[in-house]
1. What residue among V94, V22, V59 shows peak mean-square fluctuation when the chain is described by a Gaussian network model with Cα springs under 10 Å?
2. Which of the helices in the chain meet the span-like rule: DSSP H, Cα axial reach of 20 Å or more, Kyte-Doolittle mean at least 1.0?
3. Counting pairs of alpha carbon atoms under 8 Å apart in space and at least six apart in sequence, what relative contact order in percent does segment 104-189 give?
4. With a Förster radius of 41 Å, plug the Cβ-Cβ distance of D141 and S40 into 1/(1 + (r/R0)^6) and report the FRET value to the nearest 0.05.
5. Please state, as a whole number in µm²/s, the translational diffusion coefficient that the Stokes-Einstein equation yields for segment 2-184 at 25 °C and 0.890 mPa s, with Rh defined as the Kirkwood radius across alpha carbon pairs.
6. Would you list which lysines come within 29 Å of K2, measuring only between C-alpha atoms, while excluding same-chain residues fewer than 8 positions from it?
7. Run the numbers for V75 and C90: contour at 0.36 nm per residue of separation, minus the present Cα-Cα distance, in nm.
8. Check the cysteines of the chain one by one and keep only those with no other cysteine Cβ under 4.7 Å from their own.
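What follows is calculated from the coordinates using simple rules that are stated; it is not laboratory data. This one's a predicted model, so the numbers in the text were calculated from it and none came from an experiment. No Cβ is skipped: glycine too gets one built from the backbone with ideal geometry, and neighbour counts run over all protein chains shown.
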Amino acid sequence: MKISVGGIELDLDKPVERVSVVDLICPRRGWYAYREPVSSVVSGVDEMVVAGQLVHAAVLNQLRDRCRVEVPVEVEVCGQRRRFRADAVCDGYVIELKKRYGKAYAPLYIWQLKVYMALLNVKRGYIVSLEDGYVKEIVVDDAELRYVREVFLDHLRKAVCGEGEPERRVGQWCNLCKFRGPCLSGRLL
Ligand code: SF4
């Protein structure tokens, strides 16, 4: 679908060419996400997302005195600079805010936090569950920081630089992946 606004044409069939840290838990999921049409992303967004962003911003405001918030984290692959954003970076630790930290989403949230820790070279991080106040602490050593950084950059390269579909990285996160239909083609996990 194309939309004309003030002489500018918006093409919602174009790929978003964006990929989140969560998507990059699997290079194949990242590959699909990078090429997903804008219209497909829009159809998955509802008012709850907007409300969630407002809550998120309100909570981040409370961290501003002690932390840098919405901190850009940049990496470069195949000549492209890709920018991600950590919720808050404080004195020696990283914070990610979530609506609720639950079993289903835990692998994705832990992966995301560890990536920010690896890219920022910070060994301690916290996932804050806003709904129930639970705080999950993650502490890693230098070897794990290096490992996470290598895996993340490998998945990012495969998602945005390569031509063909990368290999699957099957895990419990597949149950939450919006691309599991085309990816797994009806196979059982
Ligand atoms: S279903 Fe699993 S293996 Fe396939 S793209 Fe999604 S996360 Fe990757």
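1. With Cα springs under 10 Å in the chain, the top fluctuation among V94, V22, V59 is at V59.
2. Values: long enough: 47-63 (25 Å, 1.05); 106-120 (21 Å, 1.13); 142-160 (27 Å, -0.29).
The qualifying helices are 47-63, 106-120.
3. Values: 58 pairs, mean separation 22.1, N = 86.
Normalised by residue count, the contact order of segment 104-189 is 26 percent.
4. Numbers: r = 40 Å, r/R0 = 0.97.
The computed FRET efficiency comes out at 0.55.
5. Details: Rh = 17.7 Å.
Taking Rh from Cα pairs, D becomes 139 µm²/s.
6. Partners found: K14, K178.
7. Details: separation 15, 0.36 × 15 = 5.40 nm, distance 2.04 nm.
The V75-C90 span can extend by a further 3.4 nm.
8. Those would be C26, C174, C177, C183, since no other cysteine Cβ in the chain comes under 4.7 Å of theirs.
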